[in-house]
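Here is the structure we will look at, set down as structure tokens.
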Amino acid sequence: ERPEIQVNNEFFQYIHDLSTKNVKENPELKGILESYDLPYKLKSNPQNTLIVGSGTGNDVAAALRNGSENIDAVEIDPAILEFGRLLHPESPYKSKKVNIIVEDARAYIRYSNKKYDLIVYGLLDSHSLLSGNSGGIRLDSYVYTVEAFKEARSLLRPNGIISLNFLTFNEPMRRKIFLMLKTAFDGKDPLVFMENIFIAGDNLNTIDLSRKNL
């Protein structure tokens, strides 16, 4: 069974074992694996990867599996990080390639001067935004904004990309994310995969999707 993390009696996330061996033994995990690995099909072997909302480490594990050399993992909740350290079967937070940063996602992006090939937004409570709780409202008005996406864009290296996984079945909310990313990137449409994964960048036209098996 996969461990489940709850916050304030509300589902937060599962801790997934997406190692090659476990996915081979449990093929029902293949779709989940593909969603975590998708950014790395578009930006293979990134030198510097930033993960905001790294949670218990699922996105960090994906970065390691896909050859990222330097990973900055930003998570605001030290308790969630500790669960990841203790419970994640792939032990991503124990890798020397991972730099753990206990910080608010937007504050880190705003004040960082480091450049990244890939910026991955974890779920960041996106699944709870429809519940109307204060955490969701704060994130909706603070992290998922045009200004915040522009700040993230400024940290990208040439040909770098942002991958944002926003888990919602609400079409207006998906459209809102699409339009904010489009505005932040000067009118360039983001790519959308699996309905909830948005890819934004300055040079998306250089990506040959026909060779990515997407």
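The values are calculated or read from the model by the stated rules, or taken from the named source; none is laboratory data. Note that the structure is a prediction, hence the values are computed from the model and not measured. Cβ coordinates were reconstructed from backbone atoms using ideal geometry, including for glycine residues, and neighbour counts include every protein chain displayed. The protein model used for the area step is the full one, side chains on, heavy atoms only, and it has no ligands, DNA or RNA in it. Shrake-Rupley method; radii C 1.70, N 1.55, O 1.52, S 1.80 Å.
Just how far, in whole angstrom, is region 39-76 from region 188-203 if you go by their alpha carbon centroids?
With region 188-203 and region 39-76 each reduced to a Cα centre, they are spaced 17 Å.
Where only protein heavy atoms count, and the probe is 1.4 Å, what is the accessible area per residue for region 171-214 in Å²?
Solvent-accessible surface per residue comes out at 58 Å².
Stokes-Einstein diffusion coefficient for region 154-214 at 10 °C in a medium of 1.306 mPa s, Rh from the Kirkwood formula over Cα pairs: what value in µm²/s?
130
With each label point set 7 Å from Cα along the Cα-Cβ vector, what nm distance links Asp202 and Leu87?
It is 4.1 nm.
If I model a spin label as a point 7 Å beyond the Cα along the Cα-Cβ vector, how far apart are those points for Ser19 and Glu69 in nm?
Label-label distance for Ser19 and Glu69, simple model: 2.6 nm.
Provide the gained length on full extension for the span Asp77 to Asp37, in nm with one decimal, where the gain is 0.36 nm per separating residue minus the Cα-Cα distance.
That pair, Asp77 and Asp37, stretches by 12.0 nm at full extension.
Lysines near Lys188 by alpha-carbon distance under 19 Å, same-chain residues fewer than 8 away left out - which ones?
Within the straight-line cut-off, Lys188 pairs with Lys43, Lys150, Lys176.
Hey, rough spin-label estimate for Val192 and Ala107, points 7 angstrom out along Cα→Cβ, what's it come to in nanometres?
Here the modelled spin labels are 3.4 nm apart.
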